[in-house]
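Participant: Pasting a structure below so you can have a look.
The values are calculated or read from the model by the stated rules, or taken from the named source; none is laboratory data. All figures in this text were calculated on a predicted structure; none of them were measured in a lab. With ideal geometry, Cβ positions are generated from the backbone for all residues, glycine too; neighbour counts draw on all protein chains shown.
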Amino acid sequence: MGGVLPLVGKRLLLGVGTLFVVSLIIFWAVEALPGDVAQQILGQSATQETVDALREELGLNKSPFTRYFEWLVGAVQGDFGVSLANKRSVTAQIAPRFANTLFLAAYAAVISVPLAIFLGVLTALYRNSVFDRVTNALSLVSISSPEFFLGYVLIAFFAVQSQLFPSISNVTAGMDFDERIYRTTLPAVTLALVVTAYMMRMTRAAIINLLASPYIEMARLKGVPNGRVITHHALPNALAPIINVVALNLAYLITGVVLVEVVFVYPGVGQLLVDSVTKRDFPVVQACCLIFAATFIMFNLIADVGSILSNPRLRHPK
Amino acid sequence: MVKEKSVLLEIKDLRIEGYSDEEWIEIVHGVNLTLHRGEVMGLIGESGAGKSTIGLAAMGFTRDGCRISGGSVLFDGMDLTTASRAERRALRGSRIAYVAQSAAASFNPAHKLIEQHTESGRLHKISSKSEMEADAIELYRRLRLPNPEEIGFRYPHQVSGGQLQRAMTAMAMSCRPDLIIFDEPTTALDVTTQIEVLAAIRDIVEQFNTAALYITHDLAVVAQMADRIKVLLKGDEVEEAETRKMLADPEEDYTKSLWSVRSFEREQKPPPPASEKPLISVRNVDASYGPVPVLKGVSFDIYRGQTVAVVGESGSGKSTTARCITGLLPPDAGEILYDGHVLPARYQNRSKEQLRQVQMIYQMADTALNPKKTIGEIIGRPLQFYGGLRGAELKTAIDQLLDQIELEPSLYYKRLPSELSGGQKQRVGIARALAAGPTFIICDEVTSALDQLVAEGILRLLDRLQKELDLAYMFITHDLATVRAISDVVVVMKEGEVVEQGPKDVMFKPPHHEYTDLLLSSVPEMDPDWLTHLLEERGVDNVGEAAHDKKT
Amino acid sequence: MVSFAIIYYALLIIACCVAAFYRQRSGLIVLFVLLCISLISGLLGGVDVLINITIGVALLAAAGGISYSFRETLTYILPNEAAKLMRKAPLTAAFGLLVIIAYVIAAVFAPVIAPFGEAQVVGSSFAPPDDVMILGGDQLGRDLFSRLIYGARNTVGIAVLTTVIAFIVGTVAGLVAASMGGWVDQVMGRIVDILMAIPQLIFALLLLTIVGTSVVNLTLVIALLYSPLIFRLVRAVAGNIVVMDYIEAARLRGESTWYLTTKEVLPNITAPLAAEFGLRFCFVFLAISALSFLGLGIQPPTADWGSMVRENASLISFGLLTPLIPAAAIALLTVAVNFVVDWMLHISSGLKE
């Protein structure tokens, strides 16, 4: 294992470094705002006193470096300061919503990952068949449609016309699991539709690439039956690309969440982010961005580490 | 050795089609082939002759985008073109085995060698896993792999190329098949490694009296391996005969032309007078890629109108030396002199005139010509850039160059590189170098990607141009036949150092430096007894990697 | 109604038999699957579902037919080379081309085609479709159809402009990185890594919060966020070209970096770049629509498909599908571009062999 650990360690460090730089960008982007933040928030009509009071409250009188440092230390400990809009703790607002978002994303992932891998492998094995072409065309349509289109179509058919599911996914804290699943199904399916299409196409490409390897031909020439060629010769090597594809798409999934949450009025971080952007509530926007970016970076990291760990050349060094 | 005379494989009027550009095109046009038990047949031909396709078809297999459109493949009485999938699968691995060109790519990276070795036997229920493993170790021993007990338990990437190729031969032998298809098994290997693999393959095929189809483009190799030789050209059979007869007395013109390829050899030029300054002088050059040193104290001189051949195996530093001379890789120490003056280490610091004097011709003509430019533009650019030629003047100069490389100007001026054959592209590469009006040209393996006949034409052209224009060549090659054909001085390199250098006539006569000796002796010759004699002379432990290791 | 179902099934079964008789394996599979789906959904949902399926199939067939005649027409009109290409083009590509042309026409001649002005209030809010307003009115009583036509101009226009800016930035940077190499390449690579470590939509939201929402800001922000993707592609493709021997030959000749990039590298990367332009346009188009849908992109009263969906979304709960038409317009264009890109990629990969 000697060869792998340093590599993985390096990737992890790189990930932490990236996250640090991202935190810098998120903080300084707001800092770079022309003019006085307090004035901007309150508008031109505000009196000097109120502006000063807000400046004090936001700590704008301290140097930006001190503020960045305090913000970062707070963020690491889970404290993102106070919302400008309603003066409540940002963390208290985000925490339950973050759980909701994770639930939705996980639900979508549970639907899409097995389905996408299954379809991807199948279309790769039967490439250029009718099945492959139809699946491909459908996935293309799914990728091309904006999430809100898919979402509203599902609402129109499954909520309005056949009334199988609610059109608004208003989950609350005390709700039991079944109810939660029931209410989250439409948004999860919407998300899954897009992500599955991407994941399937990438899996298909990876598997086709792999099936063209000389060692697959060699296995066939050794008289290995088709099924075993797949399970024994293709899949162990397909693991790396598949892990990569899945992780990258899960990273994509968390972006898709934003639109879907708005369509279904789902109380998650995405909706909060959009609301706060409209209200220009900087502390909340910063916190949400940091959380999304961190998750995104984490999944990309998992993709990297996963493909390192599943590479036999790296696992069994010379 | 008693060879049974019963027929094992009989291919009749085999036709294979390939799918390209939305239609099926026939690529093998009715080939017949009869192979008896225990017999080795060599299939030889240039690229595109359909050798591999026929080899795979002998197993009832076609690659994606190919199909058997006619004829039959009778293996021990069973027609593989009509047999069911299960029937064909039952034969593969157990009665017909395959050895691929690139062992490194054909072993599954996820499994240990021995697991892959025993897979066929286990699947075909020939014997138990432990028996198969014991047998594998025995086969590894017979193929003279180092540490036969242990080597099977390694992963493919942990084993060297030559060893992998032998392990693959062992794997093919695992079920003691009646027939093995060898598809260019030594093409990707260095000469000194190749000889060892050849010896091992020949030995084991003889021991088990296995029939084999040996596919290669190398005449000298097939002469050592095969009992009979079949010559193919563009999917058609040219002729077939017993090896010695085929080598001594080929019937068809095409075969004769193949055989005569190695006949071109020009006289060594007299050495320049002692007073003459060398044109290019490489002095004590050290160079490295990052922290890895690749050249150590390389020195040699090249005189006007002479050809210096730099030989060595891959990784010996031949091309790196060229990169130092052209200024692409500034040396860590030492210097390059042109006509007695030191050249700046980096090409960026050299004057236009200095750059003009040193030109290059590349190995892969495909990557050496910009695919989006016409031949006229490619050849015209140096004329424009160095000579400032314009309009009609430029056109005349380009036409002259095209005439010089024996391409009809009116036909080729407007064509794109993709519309030319490999040999023609290489000629355009030569013309581009000439267009600069250089005194010195570096030829980096210029003939190794070409079929032998075409390569011969290129060598003759280069020789003619040298005489006409008094050019100096630095010829980088691993092919000693090329060296013999065109060089005046030979420089032998190994692991970044010059092992030996001297005039061609001296270098090809003993006594040699040990490594030169190994290198020279490893190059297969057309004589069918060459390998046998060599092994008798030296013993199996004094060829190839083993000898290599002993001497370092 | 019952007779419809009987005829429906009978036709499908006959079609299956015909396909089987002529050994059209793929056709048979498609028909058979359609038959199975119809049986199941027919049992569950009644004849209505069958009618819907029929409409769907008829639409597909109509699209196929139109694409076919469009392709054949083109092969006659176009000059030799292009006609040859068209003849081998798949129907999907022809369909894509047709749709793109239709959109371009709608965008260019919007004032001529649209019966009313972009912001003109014609009737009552959420007026149902009638002779005056083919698709009905929106929440302010403006003509939905006219706004849809103007939307082609605004939404597509801004997306094209944004993509072009992103492309210029990304391509120039990528070419510079590839041909300069060394530390320039390293630094640019790192910057792009960082930019791409934040999901695009989120980053866009952050930046739009700061700079405020306007068309100019939107264009610049999206262009900035999508140029790294183009940079990466250009860097990778040009990177493959830069190691070619003909580039080395040109370098050793003493050619300038400008000559190298414009005359030697650029002509070799135009094909993948063209395909990439199509793909990136789709992403940019979807991103802008998404932002507009969130109310952060193109601002009213400018007609824009994303915001039109948002403004009229409440109609969906009443079972009306009109708000989905702008969304469908977005999807249709993206599908069309993807079809054409697929075809282009196929051609360029085919030429390499």
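Participant: Can you say whether C:Ser69 is in a helix (DSSP H, G or I) and exposed (fewer than 14 other Cβ atoms within 10 Å of the Cβ), as far as the supplied structure shows?
Facilitator: Here the answer is yes, as C:Ser69 does meet what is asked.
Participant: Among the candidates B:Pro344, B:Pro330, single out the residue that is farther than 24 Å from B:His513 by Cα, in contact with a Cys (Cβ under 8 Å, 6 or more places away or on another chain) and not assigned by TED's automatic domain parsing to the domain that holds B:Thr187.
Facilitator: Result: B:Pro330 is the single residue among B:Pro344, B:Pro330 that is farther than 24 Å from B:His513 by Cα, in contact with a Cys (Cβ under 8 Å, 6 or more places away or on another chain) and not assigned by TED's automatic domain parsing to the domain that holds B:Thr187.
Participant: If I go through segment C:177-194 residue by residue, how many of them are of a type in the set (A, V, I, L, M), buried (at least 17 other Cβ atoms within 10 Å of the Cβ) and at pLDDT below 85?
Facilitator: Going through segment C:177-194 one residue at a time, the tally reaches 0.
Participant: Taking B:Ala90 and the conditions (1) farther than 21 Å from A:Leu211 by Cβ; (2) among the small types (Gly, Ala, Ser); (3) assigned to a loop (DSSP other than H, G, I, E, B), which numbered condition does it fall short on, given that it satisfies the others?
Facilitator: Tallying (1) farther than 21 Å from A:Leu211 by Cβ; (2) among the small types (Gly, Ala, Ser); (3) assigned to a loop (DSSP other than H, G, I, E, B), B:Ala90 fails exactly one: (3).
Participant: Given the conditions (1) surrounded by 12 or more Cβ atoms within 10 Å (Cβ to Cβ); (2) under 13 Å from C:Tyr8 (Cβ atoms); (3) within 32 Å of the chain's Cα centre (by Cα); (4) at pLDDT 80 or above, which single one is not true for C:Val49?
Facilitator: For C:Val49, the exception is condition (4).
Participant: Only one of C:Thr262, C:Thr219 is of a type in the set (Val, Ile, Thr), part of a helix (DSSP H, G or I) and at pLDDT 90 or above. Can you tell me which?
Facilitator: C:Thr219
Participant: Also: Of the numbered conditions (1) outside any helix (DSSP H, G or I); (2) modelled with pLDDT under 85, B:Ala104 fails exactly one; give the number of that condition.
Facilitator: Tallying (1) outside any helix (DSSP H, G or I); (2) modelled with pLDDT under 85, B:Ala104 fails exactly one: (1).
Participant: Name the residue that is surrounded by the fewest Cβ atoms within 10 Å (Cβ to Cβ), counting only residues in segment A:217-249 that are over 27 Å from the mean Cα position of the chain (by Cα) and within 15 Å of A:Gly120 (Cβ to Cβ).
Facilitator: A:Ile230
Participant: I've got another one for you. Being over 21 Å from B:Arg464 (Cα atoms), in contact (Cβ under 8 Å) with a residue 24 or more places away in the chain and assigned to a loop (DSSP other than H, G, I, E, B) is the filter here, so list the residues in segment B:390-418 that pass it.
Facilitator: B:Tyr413, B:Lys414, B:Arg415, B:Leu416
Participant: Taking only segment C:123-161 into account, find how many residues are among the charged types (D, E, K, R) and closer than 30 Å to C:Val221 by Cβ.
Facilitator: Residues that pass the stated criteria total 4.
Participant: Determine which member of the set C:Glu72, C:Glu81 is of a type in the set (Asp, Glu) and at pLDDT 80 or above.
Facilitator: C:Glu72
Participant: If A:Thr278 satisfies all but one of (1) within 11 Å of chain C (Cβ to nearest Cβ); (2) in contact with a helix residue (DSSP H, G or I) (Cβ under 8 Å, 6 or more places away or on another chain); (3) not charged (D, E, K, R), what's the number of the condition it fails?
Facilitator: Among (1) within 11 Å of chain C (Cβ to nearest Cβ); (2) in contact with a helix residue (DSSP H, G or I) (Cβ under 8 Å, 6 or more places away or on another chain); (3) not charged (D, E, K, R), the lone unmet condition for A:Thr278 is (2).
Participant: For segment B:48-65, which residues satisfy the criterion of being farther than 16 Å from B:Asn32 by Cα and crowded, with 20+ Cβ neighbours inside 10 Å?
Facilitator: Once the filter is applied, which keeps residues that are farther than 16 Å from B:Asn32 by Cα and crowded, with 20+ Cβ neighbours inside 10 Å, segment B:48-65 yields only B:Phe61.
Participant: Against the conditions (1) within 14 Å of chain C (Cβ to nearest Cβ); (2) within 25 Å of the chain's Cα centre (by Cα); (3) more than 18 Å from A:Leu259 (Cβ to Cβ), where does A:Ser167 fall short? Just the number, please.
Facilitator: A:Ser167 satisfies all of (1) within 14 Å of chain C (Cβ to nearest Cβ); (2) within 25 Å of the chain's Cα centre (by Cα); (3) more than 18 Å from A:Leu259 (Cβ to Cβ) except (3).
Participant: Are there any pairs, at least 6 apart or on different chains, whose C-beta atoms fall under 9 Å, with the first in segment A:189-215 and at positive phi and the second of a type outside the set (Gly, Ala, Ser), and if so, which?
Facilitator: none
Participant: Just one of C:Glu248, C:Glu276 is part of a helix (DSSP H, G or I) and under 27 Å from A:Ser145 (Cβ atoms); which is it?
Facilitator: C:Glu276
Participant: Also, I was wondering about something else. Mind telling me which of the residues B:Met474, B:Met493 ends up being outside any helix (DSSP H, G or I) and touching a Gly at 6+ places or on another chain (Cβ under 6 Å)?
Facilitator: Going through B:Met474, B:Met493 in turn, just one is outside any helix (DSSP H, G or I) and touching a Gly at 6+ places or on another chain (Cβ under 6 Å): B:Met493.
Matching residues to (1) more than 32 Å from the chain's Cα centre (by Cα); (2) hydroxyl-bearing (Ser, Thr, Tyr):
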site: B:Gly93; (1), (2): no, no
site: B:Tyr98; (1), (2): no, yes
site: B:Ser102; (1), (2): no, yes
site: B:Lys112; (1), (2): no, no
site: B:Gln116; (1), (2): no, no
site: B:Lys125; (1), (2): yes, no
site: B:Glu131; (1), (2): yes, no
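Participant: Report every pair of residues separated by at least 6 positions or lying on different chains whose Cβ atoms are under 6 Å apart, first residue within segment B:110-121 and touching a residue at least 60 places away in the same chain (Cβ under 8 Å), second of a type in the set (Gly, Ala, Ser).
Facilitator: none
Participant: Working carefully through the options B:Ile486, B:Ile430, B:Ile442, find the one that is over 30 Å from B:Lys296 (Cα atoms) and of a type in the set (A, V, I, L, M, F, W, C).
Facilitator: B:Ile430
Participant: Also, I was wondering about something else. Let me spell it out: the conditions are (1) more than 10 Å from chain A (Cβ to nearest Cβ); (2) at positive phi, and C:Gly319 meets all of them except one. Which number is the exception?
Facilitator: Of the numbered conditions (1) more than 10 Å from chain A (Cβ to nearest Cβ); (2) at positive phi, the odd one out for C:Gly319 is (1).
Participant: Same structure again: Looking only at helices (runs of 4 or more DSSP H) that lie completely in segment C:121-205, which have at least 1 residues being within 27 Å of C:Met244 (Cα to Cα)?
Facilitator: Answer list for segment C:121-205: C:157-180, C:182-195.
Participant: Got a sec? Which strands (runs of 3 or more DSSP E) wholly within segment B:272-383 have at least 1 residues that are within 29 Å of the chain's Cα centre (by Cα)?
Facilitator: Of the strands (runs of 3 or more DSSP E) lying wholly inside segment B:272-383, those with at least 1 residues that are within 29 Å of the chain's Cα centre (by Cα) span B:280-289, B:292-302, B:307-311, B:358-361.
Participant: Right, C:Ser292: more than 26 Å from C:Met344 (Cβ to Cβ) and away from chain B (no Cβ under 14 Å) or not?
Facilitator: yes
Participant: While we're here: Taking the residues in segment B:360-377 that are more than 8 Å from chain C (Cβ to nearest Cβ) and surrounded by 24 or more Cβ atoms within 10 Å (Cβ to Cβ) as candidates, determine which candidate is farthest from B:Ser410 (Cα to Cα).
Facilitator: Looking at residues that are more than 8 Å from chain C (Cβ to nearest Cβ) and surrounded by 24 or more Cβ atoms within 10 Å (Cβ to Cβ), I get B:Ile361.
Participant: Continuing with this model, one more query. Would it be correct to say that B:Glu267 is part of a strand (DSSP E or B) and among the acidic types (Asp, Glu)?
Facilitator: Here the answer is no, as B:Glu267 does not meet what is asked.
Participant: Would you tally the residues in segment A:244-293 being touching a Cys at 6+ places or on another chain (Cβ under 9 Å) and touching a residue at least 40 places away in the same chain (Cβ under 8 Å)?
Facilitator: Final tally of qualifying residues: 4.
Participant: In segment C:205-218, what residues are in contact with a helix residue (DSSP H, G or I) (Cβ under 7 Å, 6 or more places away or on another chain) and within 10 Å of chain A (Cβ to nearest Cβ)?
Facilitator: Answer for segment C:205-218, where residues must be in contact with a helix residue (DSSP H, G or I) (Cβ under 7 Å, 6 or more places away or on another chain) and within 10 Å of chain A (Cβ to nearest Cβ): C:Leu205, C:Leu206, C:Leu207, C:Leu208, C:Thr209, C:Ile210, C:Val211.
Participant: Run C:Thr155 past the list (1) in contact with a Gly (Cβ under 9 Å, 6 or more places away or on another chain); (2) within 14 Å of chain A (Cβ to nearest Cβ); (3) farther than 28 Å from C:Thr270 by Cβ and report the number of the one that doesn't hold.
Facilitator: The one condition C:Thr155 does not meet is (3).
Participant: Next up: Considering each residue of segment C:104-115, count those that are within 30 Å of C:Ser317 (Cβ to Cβ) and surrounded by 18 or more Cβ atoms within 10 Å (Cβ to Cβ), and give that number.
Facilitator: Counting residues in segment C:104-115 that are within 30 Å of C:Ser317 (Cβ to Cβ) and surrounded by 18 or more Cβ atoms within 10 Å (Cβ to Cβ) gives 2.
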